[in-house]
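So the structure is just underneath, and the comments pick up after that.
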Amino acid sequence: MHDDHNIHEVSAKILINVAHPAMQHVMRLHAPAIAKTAQPGQFVHIQVAKGPYLRRPISLMLCDPIKGTIDILFKVVGEGTRLLAAKKAGEALQLCGPIGVAFSITDTSRRYLCIGGGVGIPPMIFAADRIVAAGARPIVFAGSEVPFPFALASSNFLLPGIPAQAMMTIQSLEARNIPCRLASNNSELFGCHAGYVADLAALWLAALPPQALQEVTILSCGPFPMLQAVAALGLRFDVPTFVSLEEYMACGIGACAGCVVETHEHDGTHYRRVCVDGPVFDATVLRW
């Protein structure tokens, strides 16, 4: 469970707000208290404007505890995110965080397969960054139907099972020696695997020798159909699988129970709050 005492309510100064294609935005905020303790899979709850607007939960993409900064990626999908996108560098945002149960990445003997889709890519970048820092081995597969909001490059990593035409990677991951490949059903996105990201991950898993497969743990975040496919992937290859759910939230701190999901655990059926009992769950306890 999450310790509510670690949640900070802060006024965070916007350092940058960069617009990308398809109404995607990358924002960096100065929030030292949050950056100091945040872990991959957690999120911040942002007050987008004064008035009748609910806070918006946005997952963390990177945290720099030394500089005191946090990076987030969001897409404009409604009035709240439109207001957030209009914010300028120098303005301040009220936010609470870090909130939620993080991914467990403490076992450095594991090979962490990070699968992200759309605005579910940021937690995978954060996880990969921390996995490398811990001395373990991540690999990232990212899927999007719109242009990726990152600088891309051709990868120098050779990955078993991955088609030669799927050669593009996220440049910042390549620079940190993190293998990555991209997938899309958008034929205009060059260098991506033509199809779903879970299918791309399946090609890599199927090419691993049995001993290497036994060392893999899957971490994933993205839209429900993608997570459904990833959960099936975990069962197919008998690999531990943990998913971060995307859910509408009101309070974001567990008080309203508006983001409840049904889980089936060893001691029976439960109704867990995504905001504080999650957003990260063992994929096997969820009803798909």
Notebook entry, point to check: Taking the range 111-246 on its own, what percent of its Cα-Cα pair distances exceed 25 Å?
Noted result: 15
Notebook entry, point to check: Which value results for Rg/Rh of the chain when Rg is the Cα radius of gyration and Rh the Kirkwood radius based on the inverse mean 1/r?
Noted result: 0.95
Check: For the chain, what is the percent of antiparallel DSSP beta bridges, rounded to the nearest 5?
Finding: 65
Check: Which values of log₁₀ I(q)/I(0), to two decimal places, follow from the Debye formula for the range 4-99 at q = 0.15, 0.18 Å⁻¹ with a uniform point scatterer at every Cα?
Finding: -0.51, -0.74
Next item on the list: Quick one: which residues, 5+ away or cross-chain, put their amide H under 5 Å from the amide H of THR217? H built at 1.01 Å from N.
Entry: ARG111, TYR112, LEU113
Check: Roughly what angle does helix 224-237 make with the longest principal axis of the chain, taking Cα atoms, 0 to 90 degrees, to the nearest 10?
Finding: 40
Item checked: Total charge dipole magnitude, the range 20-128, about the Cα centre, Cβ charges on Lys, Arg, Asp, Glu only, Debye to nearest 20 -> 140
Check: Where is the GNM fluctuation largest for the chain (alpha-carbon springs, 10 angstrom cutoff): LEU200, LEU159, LEU235?
Finding: LEU235
Next item on the list: Sum -39500 (n - 2.57) across every DSSP H segment of at least 4 residues in the chain, then divide by the residue count to get the 222 nm mean residue ellipticity, nearest 500.
Entry: -5500 deg cm²/dmol
Note to self: Could you identify which residue out of MET61, MET124, MET168 has the top mean-square fluctuation in a GNM of the chain using Cα springs shorter than 10 Å?
What the structure shows: MET168
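Any read-out appearing in this document is the output of simple, stated calculations on the displayed coordinates, not a laboratory observation. Source: prediction; values computed, not measured. All Cβ positions, even for glycine, are placed from backbone atoms using ideal geometry, and neighbour counts span all protein chains on display.
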